[in-house]
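Heads up: the structure comes next, in structure tokens.
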Amino acid sequence: MPELPEVETVCRGLAKSLIGKRISKTEQHRRDLRAPMPHDLATRLKGQVVTGVSRRAKYILIALDGGDTLILHLGMSGRLLITPQAEKAGKHDHLVFHFDDQTCVRFNDPRRFGLCDLVKQDEVADHKWFRHLGIEPLGKELTTAWLREKFQGKTTSIKTALMDQRIVVGIGNIYASEALFHAGISPKRKAGACSTAHLEKLVPAIRKVLNAAIAAGGSSLRDYRQTNGELGYFQHNFAVYDREGQACPACTCDLSKTGGVQRITQGGRSSFYCKTKQL
């Protein structure tokens, strides 16, 4: 599933191309994805001008001049692709947004785990998809004190706690593993057992990893593409993720003895870490 850097990259691509443009037509080829879409979506979108594009967690928010916000979620395999002119919709192009300058945006989602809704702008924060969400990891709200409070008494692993969207949003499997490496914290450590010193290293590590991934256009492992169809490149900079048995950055170990980067399963997901550098 695309994580925060991938969604942020998509938002920036949409903003660059769409702000100020008017929706002339919307093709809706399905009534639902993971959840039903508004039955009158095409009618309500017609003629509205895009005034802004932003992100909340892993959701894309497209503000419109009529007072509505289009909410999109890419799910497991979704892509939003910008094309310069209309073409016949592909098999998995469930939504196609046409703009007055002939630009098209295609919501392509083979697995159909994506989401789409259209709500009034003043109702976004209280939408059922957002009510439970925690803080943004790149905002000022993420502090050592915040994590210490939220992790207090938790017996779940720090890796699992970082992926809890009720605490901090947008950090998925890839970036949790990467941030913990840069902070020198084992993913097996209990969240409640993390000291203030641990958390003081974790907060900047989270920001460092996410910002680096955004700058690289995200990570493309399977389905993810930027809005222009290009791959992200951060996968070439992974320190530990998907590098089982390999050396971690600046490794001085004898890999025949340490086994290099380790892979374990936590909560049904693979975690990657260096048992020498992460304690």
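Quick notes on this structure:
- Structure-derived Rg/Rh (Cα atoms, Kirkwood Rh): which label, when the choices are [x] 0.98; [y] 0.95; [z] 1.02: [z]
- Label-point gap, in nm, between Asp126 and Asn237 - each point 7 angstrom along Cα→Cβ: 4.1 nm
- Unpartnered cysteines - no second Cys beta carbon under 4.7 Å - across the chain: Cys11, Cys104, Cys116, Cys194, Cys251, Cys253
- Under the membrane-span-like helix rule (DSSP H runs whose alpha carbons stretch at least 15 Å along the helix axis, mean Kyte-Doolittle hydropathy -1.0 or higher), the chain yields 4-18, 173-183, 196-215.
- Computed [θ] at 222 nm, deg cm²/dmol, the chain (DSSP H ≥ 4; -39,500 (n - 2.57); rounded to nearest 500): -7000 deg cm²/dmol
- In plain terms, the chain from Gln165 to Arg30 could stretch by 45.8 nm, reckoned as 0.36 nm per residue minus the Cα-Cα distance.
- Sum of side-chain charges, Gly232 neighbourhood, beta-carbon under 9 Å (Lys, Arg +1; Asp, Glu -1): -1
- Most fluctuating residue given options Gly268, Gly192, Gly20, as computed from a GNM of the chain linking Cα atoms under 10 Å: Gly268
- Using the Cβ-Cβ distance between Lys140 and Ala89 with R0 = 30 Å, the FRET efficiency computed as 1/(1 + (r/R0)^6) comes to roughly 0.10.
- Whole-number percent relative contact order across segment 144-273, with pairs defined as alpha carbons under 8 Å at least 6 apart: 22 percent
- Charge tally around Leu4: other residues with Cβ under 9 Å, Lys/Arg +1 each, Asp/Glu -1 each, net -2.
- Ranked list, fewest to most other Cβ atoms within 10 Å of each Cβ, for Val169, Val105, Val10: Val169, Val105, Val10
- Choice from Cys253, Cys11, Cys116 showing the highest fluctuation, given a GNM over the chain with Cα pairs closer than 10 Å: Cys253
- Near Thr143: Cβ cut-off under 14 Å, other residues only, Lys/Arg at +1 and Asp/Glu at -1. The net charge is +1.
- Cα shape, segment 25-76, gyration tensor, a/c 1.5 rule: oblate
- Each residue, Leu255 and Phe113, gets one label point 7 Å from its Cα in the Cβ direction; the gap between the two is 3.1 nm.
- In whole percents, the pair-distance distribution calculated for segment 4-123 from its alpha-carbon pairs, binned every 10 Å from zero, is 14, 51, 34, 1.
- Label-point separation in nm, Lys21 to Thr155, each point 7 Å along Cα→Cβ: 5.4 nm
Quick note: the coordinates plus some simple rules give every number you see, no bench work behind them. All of these numbers come straight from a predicted model, not from anything done at the bench. Every residue, glycine among them, receives a Cβ derived from its backbone with ideal geometry; neighbour counts consider all protein chains shown.
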